[in-house]
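The values are calculated or read from the model by the stated rules, or taken from the named source; none is laboratory data. Model, not experiment: these values are computed from the prediction. Counting neighbours? That spans all protein chains shown, and the Cβs are built from the backbone with ideal geometry, glycine included.
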Amino acid sequence: MTEFRMSSLDVLRRLRAVRKDYDIVVSAMGAARDWMALGSHPRDWVFVPSSMGQATSLGLGLALARPDLRVIVLGGDGGLIMNLGSLITITAQQPANLFLLILDNGVYEVTGAQPTPASDAGREGAPPVDLAGLARASGFRAVYRFNNFDAFTQELEAMLDTRGPVFAVLEVAPVAGAPGPRSPGPAPARAREFMTALGRMDAMTRGREDAE
Amino acid sequence: MNALFRGEQVAELLRECGFTHVVTVPDSTLGAWETAIEESGMRLIRVCREGEAWAIAAGLYLGGARPLVMIQCTGLFESGDALRNVLHDWKLPIPSIIGYRSYLNQDTLPGDTCLAFTEPILKAWQLDYRLVKEPGDFELMAEHLRASLAAGTPGVVLVAEGKA
């Protein structure tokens, strides 16, 4: 049985502390619930409602359209295994600005913590699937696995400064009885606001580049 | 090859419409257009399965690009939930070209059930589509893409195919 050592909220709180103002953060499912609990940002794409598993793909599209920005995708292991092919699609495109952070709790948390078929408990005695190994084999430039919060804290900023695509598995504890994420508002209106925020960011990032 | 339109013809239309990216899984007809699309300057994004295509296109659109999804009808069947989310939940106007397998003949797959389900499924997803089934329909395709872009709606061009 895998020993989970980190809390999802602790991990996300740390990410929020180092997130740059120009970063785009895509979050889905349980990660979206916890990310929203910590605050909001105009460049947050809270992917609720979503088609489960598609956060990595949506992140790829954003990364290709906006190579001047970092795109950080926060998803879960359940979502990832619904769209494993996206790992191959992503590495085929080699977006240097895309970072996938997979919060691996081994379960479908928001539906009642049923085990995923990739986890110990869902595999009839077969070993758990090595998600980091899948990413490595798919061709990600850098692959990380964290099950210790101190190590995650120490390496996070350097990881986000690494040339992508980057893939990280963050082993976190499932939250008993955790609800699913709630949409923070009507989706089409949020899409328009997000696009406006990215437009505003044009000027902001140009200013940053000028300053450099 | 058994395609209604030449790749160069399609690529020129897509370029003229302002598309920046074509997100695709090939089939015998659509795949023959890939080289011309890439040579015309648009970026071709090859996905592993069609559900990815809608979400990638959504990200591209949100980021300011102008994507087109190009898949076979079998991929339409596969990608329903992703399509529903992008086109209906978020109302992102992503146009698409969808290959209509076996419409022109069923030599390869006699009794192909794509013929039974493709158009009912497009209607079920409430998608505004135009079926193009002969070379003279090229302008119909062009008009529908242009009109969809102008209206900000996710128009579909359904291209009749003769091979799988």
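Given the options B:ALA53, B:ALA36, B:ALA124, B:ALA32, name the one that is closer than 22 Å to B:HIS144 by Cβ and touching a strand residue (DSSP E or B) at 6+ places or on another chain (Cβ under 8 Å).
B:ALA53
Which one is nearest to the chain's Cα centre (by Cα), of the residues in segment A:30-60 that are more than 13 Å from chain B (Cβ to nearest Cβ) and either crowded, with 24+ Cβ neighbours inside 10 Å or within 18 Å of B:ASP81 (Cβ to Cβ) (or both)?
It comes out as A:ALA31.
Hey, B:ASP107 hits all of (1) surrounded by 15 or more Cβ atoms within 10 Å (Cβ to Cβ); (2) part of a loop (DSSP other than H, G, I, E, B); (3) of a type in the set (Asp, Glu) but one; which does it fall short on?
With (1) surrounded by 15 or more Cβ atoms within 10 Å (Cβ to Cβ); (2) part of a loop (DSSP other than H, G, I, E, B); (3) of a type in the set (Asp, Glu) applied to B:ASP107, the lone miss is (1).
Condition first: facing chain B (nearest Cβ under 10 Å) and within 12 Å of the chain's Cα centre (by Cα). Now tell me which residues in segment A:61-72 satisfy that.
A:VAL71
Of the residues that make up segment B:112-119, is at least one surrounded by 17 or more Cβ atoms within 10 Å (Cβ to Cβ) and under 22 Å from B:GLY59 (Cα atoms)?
no
Take the residues in segment A:156-181 that are under 29 Å from B:ASP89 (Cα atoms), surrounded by 12 or more Cβ atoms within 10 Å (Cβ to Cβ) and not aliphatic (A, V, I, L, M), then tell me which one is modelled with the lowest pLDDT.
Looking at residues that are under 29 Å from B:ASP89 (Cα atoms), surrounded by 12 or more Cβ atoms within 10 Å (Cβ to Cβ) and not aliphatic (A, V, I, L, M), I get A:GLY180.
Checking the conditions here, which among A:GLU109, A:GLU124 is out of contact with any helix residue (DSSP H, G or I) (no Cβ under 8 Å at 6 or more places or on another chain), more than 24 Å from B:TRP54 (Cβ to Cβ) and acidic (Asp, Glu)?
Result of the check over A:GLU109, A:GLU124: A:GLU124.
Exactly one of these conditions fails for A:ALA121: (1) over 16 Å from the mean Cα position of the chain (by Cα); (2) assigned to a loop (DSSP other than H, G, I, E, B); (3) at negative phi. Give me its number.
(2)
Would you check which residues across segment B:52-66 are at the interface with chain A (Cβ under 7 Å from one of its Cβ atoms) and either touching a Ser or Thr at 6+ places or on another chain (Cβ under 6 Å) or not aliphatic (A, V, I, L, M) (or both) and list them?
B:GLU52, B:ALA55, B:ILE56, B:GLY59, B:GLY63, B:GLY64, B:ALA65
Among the candidates A:SER57, A:SER27, A:SER40, which residue alone is polar (S, T, N, Q), touching a residue at least 40 places away in the same chain (Cβ under 8 Å) and closer than 19 Å to A:VAL169 by Cβ?
Going through A:SER57, A:SER27, A:SER40 in turn, the sole match is A:SER27.
Consider segment B:89-103. How many of its residues are buried (at least 17 other Cβ atoms within 10 Å of the Cβ) and either over 15 Å from the mean Cα position of the chain (by Cα) or without any contact (Cβ under 8 Å) to a residue 12 or more places away in the chain (or both)?
Residues in segment B:89-103 being buried (at least 17 other Cβ atoms within 10 Å of the Cβ) and either over 15 Å from the mean Cα position of the chain (by Cα) or without any contact (Cβ under 8 Å) to a residue 12 or more places away in the chain (or both): 5 in total.
List the strands (runs of 3 or more DSSP E) inside segment B:1-77, counting only whole elements, that have at least 1 residues being free of Cβ contacts under 8 Å to residues at least 40 places away in the same chain, surrounded by fewer than 23 Cβ atoms within 10 Å (Cβ to Cβ) and basic (Lys, Arg). Steps first, answer last, please.
Details: elements: B:21-24, B:43-46, B:67-72.
Here the list reads B:43-46.
Any residue that is closer than 16 Å to B:ILE71 by Cα, in contact with an Asp or Glu (Cβ under 6 Å, 6 or more places away or on another chain) and in contact (Cβ under 8 Å) with a residue 24 or more places away in the chain - is there at least one of those in segment B:110-121?
There is no residue in segment B:110-121 that is closer than 16 Å to B:ILE71 by Cα, in contact with an Asp or Glu (Cβ under 6 Å, 6 or more places away or on another chain) and in contact (Cβ under 8 Å) with a residue 24 or more places away in the chain.
Among the listed residues A:PHE140, A:PHE146, A:PHE99, A:PHE152, which satisfies the condition of being of a type outside the set (Asp, Glu) and more than 23 Å from A:SER86 (Cα to Cα)? Break it down into steps so the answer makes sense when it comes.
Working: A:PHE140 fails: more than 23 Å from A:SER86 (Cα to Cα); A:PHE146 fails: more than 23 Å from A:SER86 (Cα to Cα); A:PHE99 fails: more than 23 Å from A:SER86 (Cα to Cα).
After applying the criteria, what remains is A:PHE152.
With at pLDDT below 95 and either within 23 Å of B:VAL22 (Cβ to Cβ) or of a type in the set (Gly, Ala, Ser) (or both) as the only criterion, which of B:ALA116, B:ALA160, B:ALA164, B:ALA142 stands out?
Going through B:ALA116, B:ALA160, B:ALA164, B:ALA142 in turn, the sole match is B:ALA164.
For (1) of a type in the set (A, V, I, L, M, F, W, C); (2) closer than 29 Å to B:ASP81 by Cβ, each residue gets a yes or a no:
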residue: B:ARG6; (1), (2): no, no
residue: B:PHE19; (1), (2): yes, yes
residue: B:THR24; (1), (2): no, yes
residue: B:ASP27; (1), (2): no, yes
residue: B:THR35; (1), (2): no, no
residue: B:GLU39; (1), (2): no, no
residue: B:GLU52; (1), (2): no, yes
